[in-house]
Structure formats: structure tokens, C-alpha cells
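Reviewing the structure listed below.
The values are calculated or read from the model by the stated rules, or taken from the named source; none is laboratory data. Just so it is clear, the model here is predicted, and its values are computed rather than measured. Every residue, glycine among them, receives a Cβ derived from its backbone with ideal geometry; neighbour counts consider all protein chains shown. What goes into the accessible areas is simple: the full protein's heavy atoms, side chains included, and nothing from ligands, DNA or RNA. Shrake-Rupley method; radii C 1.70, N 1.55, O 1.52, S 1.80 Å.
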Amino acid sequence: MKGIVKWFSGKRGYGFVMGEDQKEYFAHYSEIVTNKKYKNLPPDVEVEFEPSSNDKGATATNIKIIKAVEA
């Protein structure tokens, strides 16, 4: 599924992604797929992820940045 990063705190290591189904998904830094040491999701970037859920709600797994939204 595709979505847009709503917000992400690099300091706290989590944030939320708005999926194309208009649902919010919790995003944890450990689910970001990158070769960079510091994992971060800038706001308003387009991502692709696998929707999942746990006892706390909807989560995004296997998160990959597709492209940044240009200002």
C-alpha cells in the first residue's frame, strides 16, 4: 500500500503514515527499510508499506520511501 508520512519524530523513533485508504498507521523506526544508519521519515514523503495490526491498532511494516513531495 502507498501512503504519505503525516509526522515522524526521529528523536522518539515513531510517527504516523496516512494510507491511501485514508487510515492512519503507526510507523516505528525499526520498520523503515534503508541502508542509512539513522532511520527517519521526513513529513509529506510518499512511502510504500505493508499494512498490519496489533493489539494497539493499525501499523505500517516494511516501510520504503518512494519519493519526496516537492515544496
_Long-range neighbours under 9 Å by Cβ, at least six apart or interchain, first residue on the phi < 0 side of the Ramachandran plot within region 37-61, second open to solvent by less than 30 Å² (accessible area, probe 1.4 Å) and part of a loop (DSSP other than H, G, I, E, B)_ = Y38/G10; K39/G10; K39/G13; N40/G10; L41/G10; V47/L41
*Count, please, the residues in region 24-48 that happen to be of a type in the set (K, R) and either loosely packed, with under 14 Cβ neighbours inside 10 Å or in contact with a Leu (Cβ under 8 Å, 6 or more places away or on another chain) (or both).*
2
*If you take the residues of region 8-17 that are at pLDDT 95 or above and closer than 15 Å to I65 by Cβ, which of them is most open to solvent (accessible area, probe 1.4 Å)?*
F8
